[in-house]
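First the structure, in the form of structure tokens, and then the observations on it.
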Amino acid sequence: MASLPLSSIPLLFLLLIPTITADPDALQDFCVADTKSSTTFFNGLPCLNPSEVTGKHFTTSVLNKPANTSGNPFLYGVTITSPQALPGINTMGIALARVDVEKGGQVPAHTHPRADEYVCIMEGTFNGGFVDSNNNYYSQTVKAGDVFVFPRGTIHFLQNIHDGHGYMLAGFNSQNPGLAVTPLQTFASNPAVPPLAQAFQISEKDVRKIRKKLGGSGG
Ligand SMILES: *[C@@H]1O[C@H](CO)[C@@H](O)[C@H](O)[C@H]1NC(C)=O
């Protein structure tokens, strides 16, 4: 067998990347989630018997009303087309979320560990941005009809700067993008992340104060 020239190795890695960064491809036309199964655990959700599948498994109305923002300290709420809400989406590698933000609120700095995201502003005006892994900050003001894309894993936010309620639709290339809200992940973990004071160059008292405000228990 002829050996590959060394120069072709980087190309091989590039060719492999799409197969290792997206959700795995579906192995059948569909795999409607059996959302009641409590006995089988694996990557994704098990499939309903195709003979039990109907049209209603492929539609949902969960996005037709505002997400619940009450009680949220940042004044936002999210509803996502999870496989529980939309069983037909199981294994498709996509999801759509509706994000409502009250006047003066924001979707605070957060990351999605498993998905790139595009956001289409439906109502209002938002100041948005993300920070890449070299700490470069990219920001734009976006208004109704505008789209902002956020690369997977980058810290990003959207602040409502419009004089009223606003909302957006956010699409993901994962059925389960994950949502890690940076201030909560950092200062409201249970138990506390020990060396936060040094990491943020603040006092232990400040750490306790922030943790208390953000709802971290103990420490
Ligand atoms: C909205 O969220 C609040 C706080 O979590 C909760 O008390 C309330 O029941 C929710 N309302 C609806 C309609 O789900």
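The values are calculated or read from the model by the stated rules, or taken from the named source; none is laboratory data. Note that the structure is predicted; figures quoted are calculated from it, not measured. Don't worry about glycine lacking a Cβ; one is built from the backbone with ideal geometry, like all the others, and counts go over all protein chains shown. With ligands, DNA and RNA removed, areas are computed over all heavy atoms of the protein, side chains included. Shrake-Rupley method; radii C 1.70, N 1.55, O 1.52, S 1.80 Å.
Structure above, values below:
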read-out: Close pairs (9 angstrom Cβ cut-off, 6 or more residues apart or separate chains): at positive phi and more than 10 Å from the ligand (Cβ to nearest atom) in region 65-79, of a type in the set (A, V, I, L, M) and modelled with pLDDT of 95 or more anywhere; value: Leu75/Val101
read-out: Selection status of Ala109, within 20 Å of Lys65 (Cβ to Cβ), of a type in the set (Gly, Ala, Ser) and open to solvent by less than 60 Å² (accessible area, probe 1.4 Å); value: no
read-out: Qualifying residues in region 93-116 (those that are in contact (Cβ under 8 Å) with a residue 60 or more places away in the chain and acidic (Asp, Glu)) - the one farthest from Val181 (Cα to Cα); value: Glu102
read-out: Filter result for Pro24 (surrounded by fewer than 15 Cβ atoms within 10 Å (Cβ to Cβ), more than 16 Å from the ligand (Cβ to nearest atom) and either part of a loop (DSSP other than H, G, I, E, B) or modelled with pLDDT under 90 (or both)); value: yes
read-out: Selection from region 119-135 of residues that are within 19 Å of Thr182 (Cα to Cα) and open to solvent by 70 Å² or more (accessible area, probe 1.4 Å); value: Ser133, Asn134, Asn135
read-out: Test result for Lys36, more than 16 Å from the ligand (Cβ to nearest atom), of a type in the set (D, E, K, R), open to solvent by 20 Å² or more (accessible area, probe 1.4 Å) and over 22 Å from Val181 (Cα atoms); value: yes
read-out: Enumeration of residues in region 46-64 that are away from the ligand (no atom under 16 Å from the Cβ) and closer than 30 Å to Ala109 by Cβ; value: Thr60
read-out: Some residue of region 113-122 being on the phi > 0 side of the Ramachandran plot and either among the small types (Gly, Ala, Ser) or at pLDDT 95 or above (or both); value: no
read-out: Criterion: open to solvent by 30 Å² or more (accessible area, probe 1.4 Å) and within 19 Å of the chain's Cα centre (by Cα) - qualifying residue of Val62, Val99; value: Val62
read-out: Residue that is modelled with the highest pLDDT, among those in region 39-53 that are loosely packed, with under 10 Cβ neighbours inside 10 Å and either closer than 12 Å to Gly88 by Cβ or β-branched (Val, Ile, Thr) (or both); value: Thr39
